[in-house]
1. Output the residues belonging to segment 15-66 that are charged (D, E, K, R), modelled with pLDDT of 85 or more and either surrounded by 14 or more Cβ atoms within 10 Å (Cβ to Cβ) or on the phi > 0 side of the Ramachandran plot (or both).
2. State yes or no: is Ala41 of a type in the set (Gly, Ala, Ser), assigned to a helix (DSSP H, G or I) and closer than 18 Å to Leu6 by Cβ?
3. Restricting to segment 44-75, name every residue that is touching a residue at least 40 places away in the same chain (Cβ under 8 Å), among the basic types (Lys, Arg) and farther than 19 Å from Leu10 by Cα.
4. Take the residues in segment 13-27 that are within 11 Å of Ser75 (Cβ to Cβ) and assigned to a helix (DSSP H, G or I); name whichever of them is nearest to the chain's Cα centre (by Cα).
5. Of all residues being in contact (Cβ under 8 Å) with a residue 24 or more places away in the chain and more than 24 Å from Ala56 (Cα to Cα) in segment 28-43, which is nearest to the chain's Cα centre (by Cα)? Just the residue, please.
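The values are calculated or read from the model by the stated rules, or taken from the named source; none is laboratory data. Fair warning: this is a prediction, and the values are worked out from it, not measured in the lab. Because the Cβ atoms are built from the backbone with ideal geometry, glycine has one as well, and the counts that use them run over all protein chains shown.
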Amino acid sequence: MNAQSLSGMLRAQELLLVSMIRALPVDARRALVDVYSEQLAFAEQAGLEGRAERDAHDAFVAHARNLLIRIESLS
């Protein structure tokens with residue numbers, strides 16, 4: 001899967017997750033933001049060797065950051 005395909009798939013997931021999270025109570029959203037922030041920090045520290053792996057990883061992390069920004073704005 002190339003980076004463009006991965007990006008499109010992650011964007012669709014991002015929109016679906018935001019709509020699902022929007023339906024949660026505010027305290028549940030805040031707890032989710034905390035857990036998601038921890039997971040994103042862990043993902044950013046992953047050490048990858050191959051260039052193709054690195055591109056896919058960077059695309060994932062960029063979308064994960066966008067999702068975090070969106071769910072933080074819902075709280």
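1. Selection gives Arg29, Arg30.
2. So Ala41 does not fit the description; no.
3. Result: no residue meets the conditions.
4. Ile21
5. If we take residues in segment 28-43 being in contact (Cβ under 8 Å) with a residue 24 or more places away in the chain and more than 24 Å from Ala56 (Cα to Cα), then Leu32 is nearest to the chain's Cα centre (by Cα).
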